[in-house]
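Accompanying notes for the structure given below.
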Amino acid sequence: MGNLKKELTKMGVTDNVLRSRMLEFVKQEGKHLTDEQILSLLQDFIAHPEQYKQHQNPRWRALAELLSPEETTVHYHELRENPLPYSVFGRGLIDPPAFWQMETAMRLPVTVAGALMPDAHAGYGLPVGGVLATRNAVLPYAVGLDIGCRMSLTLLDAPGDHICNHHGRIEKALWDNTAFGMEGVLPFKQYHPLFDREEWRTIPVLKKLRDKAIRQLGTSGGGNHFVDICEVHLDADNPLTLAVGSYTAILSHSGSRGLGAAIAEHFTAIAKAQCRLPREAGPFAWLDLDSEEGEMYWRCMEIAGEYSAVCHELIHRNVAQGMRLQPLANVNNHHNFAWRETLADGSEVIVHRKGATPAHAGELGIIPANMTDAGLLVTGLGCEEALCSASHGAGRAMSRQDARNSFSRYALNRQLAQRGITLLGGSTEEAPEAYKSIDEVLSASKQLIKVVGRIHPKIVRMNNE
């Protein structure tokens, strides 16, 4: 129907976005209709959109919603006069802004409990290293932009000295099978059954992001994201059922790429429009999990978390194949996520861990240090005061800008050479001195975790920044 655009204008549809969506609707749904039937249907849609909102066809419902959107209910909330008490681990390691942010979070009317981990530092909204339990509410900015950012460690069927003996092959495996940053894509195509899930077809924000997510599959972000080839030393009481000793391993840190960031921004805008808070608490806007928007965010968050896990799975598979080695065991854990959990008093809450590792009793986790010092393979001790959480790393001791201004690439390369570590890519922003001491973080974590292995970086691959 060549003149449909003009006909829609005559009907009063002058908004370009709406007109475009109606033209797309006709293209999909009007294949077996005459021109007169199409015009009649669209006129009826415009005049009576409400009667189509319960239609069995989701495209009809979506168009009806565009023509007659539900009014957004805005809720105004006051903060508690005083913050609820919260637990702090490693107080002397944490900068003052992180405390200010945490205290604001503890004044929210939906907050139940909270904790700060030893690696905590200021972020946006909830501090990095902050843990927050809420009542039936999810805060997009207490989860964070990089939804489902995670650590993954795969032990391979070779001893630790394999790295030194096959250094060239390992470097090539990293260069050929990893990609970093906003434009990072791999030179070969990949796919995963995750993309067959119905959410990619039925949730508009996911539908729009699907192609980009497929393009970035099996890649990593910039900043402190990495893929390392490490030497892992397992203790006698490790729960992996592997012999004590030294293993070659792959360790990776990254999240849900552009997918998670877009989901976070989309639902944060919705939360801020619906949940009005005093200015200082604006980033803590939440979504009620009984609302359609809250339920939709939760589904998107879970998809982003699964996507992050799949990316790590593919990174480890591809790099291991390039190294001609087989996996023996894998340990992985999310941070930047929210979980439904039950507190010791029996209350059901939503626990947000922004840059914090789940550490329930016996739960395996990974706490990296920096590109020169050994990270930790740990089991959780289930500390209730910490909401069963631990640090997700050593934590930054200085900002990225300060690190750039403080360290030269020449000095960084010399330091790495002295430690026998190869850096592929990377920047002075990630210099070891930009991070807190992992030993100090560990000392403040005695109630939270037990160390069962040490992870020594040998070849570090990061973004070419």
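Laboratory data are not the source of any read-out in this text; all were calculated from the coordinates shown. Note that the coordinates shown come from a computational prediction; the quantities given were computed from them, not determined experimentally. No Cβ is skipped: glycine too gets one built from the backbone with ideal geometry, and neighbour counts run over all protein chains shown.
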Practice item. Quick one: what are the phi-derived ³J(HN,Hα) couplings along the range 262-275, Karplus 6.51/-1.76/1.60 with θ = phi - 60°, whole Hz, x for glycine and proline? Key: 5, 4, 4, 5, 4, 7, 5, 4, 5, 4, 5, 6, 8, 10
Review point. Under the definition of Cα pairs under 8 Å and six or more residues apart, what whole-number percent is the relative contact order of the range 4-67?
Key: 28 percent
Point to revise | Alpha carbon Rg of the range 361-465, scaled by the compact-globule rule 2.2 N^0.38 Å | key: 1.17
Point to revise | Around N136: net Lys/Arg minus Asp/Glu count, Cβ-Cβ under 12 Å | key: -2
Check your understanding: Near K27, which aspartates and glutamates are there with a Cα under 14 Å away, not counting those fewer than 8 places off in the same chain?
Key -> D35
Revision key, fill the gap. Per-residue ellipticity at 222 nm attributable to helices in the chain (runs of n ≥ 4 DSSP H, -39500 (n - 2.57) apiece, nearest 500 deg cm²/dmol) works out to -10500 deg cm²/dmol
Study note, to complete from the structure: Quick shape summary for the range 224-365, equivalent ellipsoid via Cα gyration tensor, semi-axes whole Å in descending order, reads 35, 20, 12
Practice item. Report the label-to-label distance for Q56 and D402 in nanometres (one decimal), using points 7 Å from each Cα along the Cα→Cβ vector. Key: 6.4 nm
Review point. Which whole-angstrom value gives the distance between the alpha carbon centres of the range 383-449 and the range 107-171?
Key: 14 Å
Review point. If you put +1 on each Lys and Arg Cβ and -1 on each Asp and Glu Cβ, how big is the dipole of the range 4-67 around its Cα centre, in Debye rounded to 20?
Key: 200 debye
Check your understanding: What is the log10 of I(q)/I(0) for the range 224-265, computed with the Debye formula using one identical point scatterer on each Cα and no solvent, at q = 0.33 Å⁻¹?
Key -> -1.06
**Study point:** At R0 = 45 Å, FRET efficiency that the Cβ-Cβ distance of S40 and E280 yields, to 0.05
**Key:** 0.25
Review point. Full extension from H77 to H192: what is 0.36 nm times the residue separation minus their Cα-Cα distance, to one decimal in nm?
Key: 37.1 nm
Review point. Residue separation times 0.36 nm, minus the C-alpha to C-alpha distance between M182 and Q326: what's the value?
Key: 48.8 nm
Point to revise | Dimensionless Rg/Rh of the range 176-222 - Kirkwood Rh, Rg from C-alpha atoms | key: 1.01
**Study point:** Overall form of the range 351-417 per C-alpha gyration tensor (a/c, 1.5; a/b vs b/c)
**Key:** oblate
**Study point:** Nonlocal amide H pairs with N136, under 5 Å, H built at 1.01 Å
**Key:** I350
Check your understanding: Mind checking Rg over Rh on the range 306-426, alpha carbons, Kirkwood formula for Rh?
Key -> 1.04
Revision key, fill the gap. Across 10 Å bins beginning at 0, the whole-percent shares of Cα-Cα pair distances in the range 338-390 come to 24, 49, 21, 6, 1
Review point. Once you charge only the Cβ atoms, +1 for Lys and Arg and -1 for Asp and Glu, what is the size of the charge dipole of the chain about its Cα centre, to the nearest 20 debye?
Key: 1240 debye
Point to revise | Taking the convex hull of Cα positions in the range 195-307, its mean projected area over all directions (nm²) | key: 10.9 nm²
Review point. To one decimal place, what Kirkwood hydrodynamic radius in Å is obtained for the range 91-188 from all pairs of distinct Cα atoms?
Key: 17.1 Å
Point to revise | Listed peptides 413-419, 301-307 by packing density, highest first (mean Cβ within 10 Å) | key: 301-307, 413-419
Check your understanding: If each of N413 and A47 carries a label point 7 Å out from its Cα toward its Cβ, how far apart are those two points in nm?
Key -> 7.6 nm
Practice item. Return the percentage of antiparallel bridges among DSSP beta bridges fully within the chain, rounded to the nearest 5 %. Key: 90 percent
Point to revise | Added length on full extension, which subtracts the Cα-Cα distance from 0.36 nm per residue, A344 to S291 | key: 16.4 nm
Study note, to complete from the structure: Of the candidates G114, G160, I147, the farthest towards the positive dipole end of the range 37-187 (Lys/Arg Cβ +1, Asp/Glu Cβ -1, centred on the Cα centre) is G114
Check your understanding: Which of I263, C230, Y247 sits farthest toward the positive end of the charge dipole of the range 160-272, with +1 on the Cβ of Lys and Arg and -1 on the Cβ of Asp and Glu?
Key -> I263
**Study point:** Distance histogram in 5 Å bins (all Cα pairs of the range 4-67, percent per bin)
**Key:** 4, 18, 32, 30, 14, 2
Check your understanding: Tell me, R215, R107, R396 in order of fewest to most beta-carbon neighbours within 10 Å?
Key -> R215, R107, R396
Revision key, fill the gap. Taking every other residue with Cβ under 12 Å from the Cβ of Q101 and scoring Lys and Arg +1, Asp and Glu -1, one gets -1
Review point. Tally Lys/Arg at +1 and Asp/Glu at -1 over every other residue whose Cβ is under 12 Å from the Cβ of K458; what's the total?
Key: -2
Exercise for review: Report, in degrees rounded to the nearest 10, the 0 to 90 angle that the Cα long axis of helix 167-177 makes with the longest principal axis of the chain.
Suggested key: 10 degrees
Review point. Counting pairs of alpha carbon atoms under 8 Å apart in space and at least six apart in sequence, what relative contact order in percent does the chain give?
Key: 19 percent
Practice item. Provide, as a two-decimal number, the C-alpha radius of gyration of the chain over 2.2 N^0.38 Å, N being how many residues it has. Key: 1.10
